[in-house]
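Notes follow the structure.
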Amino acid sequence: MTVSDATDTTPGLVCAHHHLYSALARGMPAPPRTPTGFTDILELVWWRLDRALDLHTLEWSAKLGALEALEAGCTAIVDHHESPNAIEGSLTVIAEACAEVGVRVSCAYGVTDRHGPDGARRGLAENERYLRAGGRGMVGIHAAFTCSDDTLEQAAGLAADLGVGVHVHVAEGAVDAPEAARLVPYSTDEWLLIHGVHLSDDHGLAGTIVHNPRSNMNNAVGYARPSRFTNPVALGTDGIGADMLEEFRVAYARHREDDVTVGPDPAWGWLAQGWELFPEARADEVRWSYDPVDPWRLAFTPGVRARQVVVDGEALLADGVATRVDPHEIRAKAAEAATRLFAELEEIEP
């Protein structure tokens, strides 16, 4: 969409990288000590949370995340998942939760050797099971720095055999920067390369880089400067909801901070790249609370909300309220699931 054809309507927006399992994380117990860097954040927060998940809490986390996406005019999510104590069937749980709400989803399980060779094997098996059963998705890798050479080779090989790409965090923090070179021999244009903060300009990786500005700022890993890449660039949230208009605003502000000569059009182009990943979302229709919807206005207009969302001819959001599901029930059940999750989390050591 360009400024010249702006109205109060857009296609459905796409979140090119999400962690739906994190929807219940808000209000979670504080970590046992304050993280002082990126690796601490992973070990003390996210790697403890994913170990606390079971299929029940995952179901309600995914439903809540999908509902919030719909309410923000996001009709398609590219999800990346890990639940090492509930691997088998996890991708189907996510896909069915999103289908119930009416949001499109591409799923991947993030294979890792953090839980030993058996954990890596089970993660690969879940990707294969889900994809061979007809699920939409990719083969997931957590990140090269948590995977052996053998696991990387197996994941890339499985993706090639199944005709899909690989969805992987790349050079998010300095700890992972040297490991990007291990992915170069395998990467293809179908890969999703998440973050890329510490990639060199001539990194040699094929695929779409997904920029997650709010998450990068929250984790203090630095600015990716995505405009420097020759790869296509899309926008994701890394699990901080699915309000893609808000992510666009942050992407523009971060870009502007780095280069005062730029306008919001490049960030809007990163948002629009999501339609290359989920072409069906172009046919969805979102009517917004603001007219006209164009990059220059949206960059400086907070609070714009989806009023109506139509997917495959069905109005899934009317007057800002979900129609296929009961949003009050989802939020209530998600709150109950969060209480269970937090109790489990308290028992997990870093």
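Do we find a residue being hydroxyl-bearing (Ser, Thr, Tyr), at pLDDT 95 or above and closer than 20 Å to residue 8 by Cβ anywhere in region 301-313? Within region 301-313 (the criterion being hydroxyl-bearing (Ser, Thr, Tyr), at pLDDT 95 or above and closer than 20 Å to residue 8 by Cβ), the answer is yes, since at least one residue qualifies.
Within region 246-265, residues that are farther than 10 Å from residue 295 by Cα reach partners that are at pLDDT below 95 with beta carbons closer than 8 Å, at six or more positions or on different chains, in the pairs 246/302. In region 77-124, of all residues being in a strand (DSSP E or B) and either touching a Ser or Thr at 6+ places or on another chain (Cβ under 8 Å) or among the acidic types (Asp, Glu) (or both), the one that is farthest from residue 274 (Cα to Cα) corresponds to 111. Selection over region 74-86 of residues that are under 10 Å from residue 103 (Cα atoms) and of a type outside the set (S, T, N, Q) gives a count of 3.
Per-residue answers, yes or no, for (1) open to solvent by less than 30 Å² (accessible area, probe 1.4 Å); (2) among the aromatic types (Phe, Trp, Tyr); (3) modelled with pLDDT of 95 or more; (4) not in a strand (DSSP E or B):
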position	(1), (2), (3), (4)
7	no, no, no, yes
15	yes, no, yes, no
23	yes, no, yes, yes
27	no, no, no, yes
31	no, no, no, yes
35	no, no, yes, yes
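Scan region 228-258 residue by residue and report those that are in contact with a helix residue (DSSP H, G or I) (Cβ under 6 Å, 6 or more places away or on another chain) and open to solvent by 50 Å² or more (accessible area, probe 1.4 Å). Correct list: 240, 254.
The values are calculated or read from the model by the stated rules, or taken from the named source; none is laboratory data. If you're wondering where the values come from, they're calculated on a predicted model, not measured in any experiment. Neighbour counts run over all protein chains shown; Cβ positions are idealised from the backbone, glycine included. Just so you know, the surface numbers come from the protein's heavy atoms only, side chains and all, with ligands and any DNA or RNA stripped out. Shrake-Rupley method; radii C 1.70, N 1.55, O 1.52, S 1.80 Å.
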